[in-house]
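Visitor: Pasting in a structure now, in structure tokens, and then I'll have a few things to ask.
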């Protein structure tokens, strides 16, 4: 992982499959301003939060390279401000017609990015929890 904030911003931008131009557009700024911000690593707290949201990571990851959490628990407090969303399950048609391809919306993409950035043990725990909840919902 990058040692400086600008290296981490560039790394996570690339992991999100965004060019500097696309990231600048999503942030509502000029390409040259974004490029300079990424190159020099000078970023305001407000822009850091916006960029972290666009890249699907917590601001601490961009600042420090890891999440600064003592308890080791996942904190989705930013996501709690909005109505809870669920991942859509693709429909399985048994009549021979193939379903439309599954396309994740923005919130689902962010959830997937968060999952990709978790350590393997945490990832496995979250997937196990999701599967358990899914099975429980099918029993109802």
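Visitor: Here is a list: 128, 82. Which entry is modelled with pLDDT of 80 or more, more than 15 Å from residue 9 (Cα to Cα) and loosely packed, with under 15 Cβ neighbours inside 10 Å?
Guide: On inspection, the qualifying residue turns out to be 128.
Visitor: Could you look through the range 22-43, keep only residues that are under 27 Å from residue 115 (Cβ atoms) and in a helix (DSSP H, G or I), and pick out the one that is modelled with the lowest pLDDT?
Guide: 38
Visitor: For the condition under 29 Å from residue 3 (Cα atoms), exposed (fewer than 11 other Cβ atoms within 10 Å of the Cβ) and at pLDDT 85 or above, what is the one hit in 46, 60?
Guide: Step by step, each of 46, 60 is checked, and only 46 is under 29 Å from residue 3 (Cα atoms), exposed (fewer than 11 other Cβ atoms within 10 Å of the Cβ) and at pLDDT 85 or above.
Visitor: Being touching a helix residue (DSSP H, G or I) at 6+ places or on another chain (Cβ under 8 Å), part of a loop (DSSP other than H, G, I, E, B) and either closer than 22 Å to residue 107 by Cβ or at pLDDT 80 or above (or both) narrows it down to one residue among 74, 51; which is it?
Guide: When all the criteria are applied, what remains is 74.
Visitor: Of all residues in the range 9-21, which are in a loop (DSSP other than H, G, I, E, B) and crowded, with 16+ Cβ neighbours inside 10 Å?
Guide: 16, 18
The values are calculated or read from the model by the stated rules, or taken from the named source; none is laboratory data. Keep in mind that what you see is a predicted model, and the values were worked out from it rather than measured. When we count neighbours, we look across all protein chains shown, and the Cβ atoms used for this are built from the backbone with ideal geometry, even at glycine.
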